1. Could you check the stretch 25-55 and list, in sequence order, the residues that are in a helix (DSSP H, G or I), among the polar types (S, T, N, Q) and out of contact with any Ser or Thr (no Cβ under 6 Å at 6 or more places or on another chain)?
2. From the list VAL179, VAL117, which residue is at pLDDT 95 or above and either polar (S, T, N, Q) or within 22 Å of ALA90 (Cα to Cα) (or both)?
3. Select from the stretch 62-74 the residues that are hydrophobic (A, V, I, L, M, F, W, C) and farther than 21 Å from ASP109 by Cβ and write down the one among them that is most open to solvent (accessible area, probe 1.4 Å).
4. Could you check the stretch 63-72 and list, in sequence order, the residues that are without any contact (Cβ under 8 Å) to a residue 60 or more places away in the chain and in contact with a Ser or Thr (Cβ under 6 Å, 6 or more places away or on another chain)?
5. Which fully enclosed helices (runs of 4 or more DSSP H) of the stretch 73-192 have 2 or more residues being in contact with a Ser or Thr (Cβ under 7 Å, 6 or more places away or on another chain)?
6. State whether one or more residues within the stretch 121-140 are under 14 Å from the mean Cα position of the chain (by Cα) and polar (S, T, N, Q).
7. Can you name the residue in the stretch 140-191 that is of a type in the set (S, T, N, Q) and open to solvent by 30 Å² or more (accessible area, probe 1.4 Å) and, of all such residues, is farthest from ALA119 (Cα to Cα)?
8. Given VAL124, VAL32, VAL87, VAL49, which one is open to solvent by less than 10 Å² (accessible area, probe 1.4 Å) and either within 21 Å of ASN165 (Cα to Cα) or free of Cβ contacts under 8 Å to residues at least 40 places away in the same chain (or both)?
Amino acid sequence: STVIGVVLAAGRSSRFGEKNKLLTEWMDTPLVSRVVDNLSQSVVDKVVVVVGYDAERVQAAVSGFEVTIVNNQKYAAGQATSVRRGVEAARTHEADAIVFALGDMPAVDTESIDLLVSAYYAGVGYALATAFEGNRGNPVLFARRHFDALANITGDTGGRGILRNDDRAALVETDDRGVLIDVDSLKDMEKL
């Protein structure tokens, strides 16, 4: 069984202002590099990074890691277009499940990703989300049976509808506040 990790790093991050949020440094490392590092150290079998906006610079920021880069030319149409590229990559690598990580969530512990994958292997469910104190966070995992549905979503919703509608969906409690912390604004950077 193969699980691939897909980092969604194609967005424009317009709420962040002029700078590209994913390249903003936290603890001397661009946010997106930190996310890729955390995922690379986890039990996922392969890491794919979906780039789009500012693709060359984002790609350069993760060039030190063993990753497959996938370019999403349609990134402006919303996150769903990047999810679709992630699903295509998963199919190419004949993966059984995908862990989607967000490029602006650098505080997620590697252990939280491992917990998510372990829960999948233990048969907990086919759509799983990390959680902190019962609150759903990211990353999320989807098994192959959801690949078609994921490839067909539109806009910026991501896989939320699938998580809500699959009766085998579950939250995986992590004790990791990082699964709730995404960086949308300069204020969020201060929170980190």
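The values are calculated or read from the model by the stated rules, or taken from the named source; none is laboratory data. Computed from a predicted structure; not experimentally measured. For neighbour counting, all protein chains shown are included, and Cβ atoms are generated from backbone atoms with ideal geometry for every residue, glycine included. Accessible surface areas use protein heavy atoms only, side chains included; no ligands, DNA or RNA. Shrake-Rupley method; radii C 1.70, N 1.55, O 1.52, S 1.80 Å.
1. Within the stretch 25-55, SER33, SER40 qualify.
2. Working: VAL179 fails: either polar (S, T, N, Q) or within 22 Å of ALA90 (Cα to Cα) (or both).
So the residue among VAL179, VAL117 that is at pLDDT 95 or above and either polar (S, T, N, Q) or within 22 Å of ALA90 (Cα to Cα) (or both) is VAL117.
3. Of the residues in the stretch 62-74, the ones hydrophobic (A, V, I, L, M, F, W, C) are 62, 65, 67, 69-70.
The next check asks that each one be farther than 21 Å from ASP109 by Cβ; those that pass are 69-70.
Values: ILE69: 55, VAL70: 17 Å².
The residue in question is ILE69.
4. PHE65
5. Working: elements: 79-92, 110-121, 147-151, 160-165, 186-191.
In the stretch 73-192, 79-92, 110-121 are the helices (runs of 4 or more DSSP H) which contain 2 or more residues that are in contact with a Ser or Thr (Cβ under 7 Å, 6 or more places away or on another chain).
6. Yes: the stretch 121-140 contains one or more residues that are under 14 Å from the mean Cα position of the chain (by Cα) and polar (S, T, N, Q).
7. Within the stretch 140-191, the match that is farthest from ALA119 (Cα to Cα) is SER185.
8. Of the residues listed, the single one that is open to solvent by less than 10 Å² (accessible area, probe 1.4 Å) and either within 21 Å of ASN165 (Cα to Cα) or free of Cβ contacts under 8 Å to residues at least 40 places away in the same chain (or both) is VAL87.
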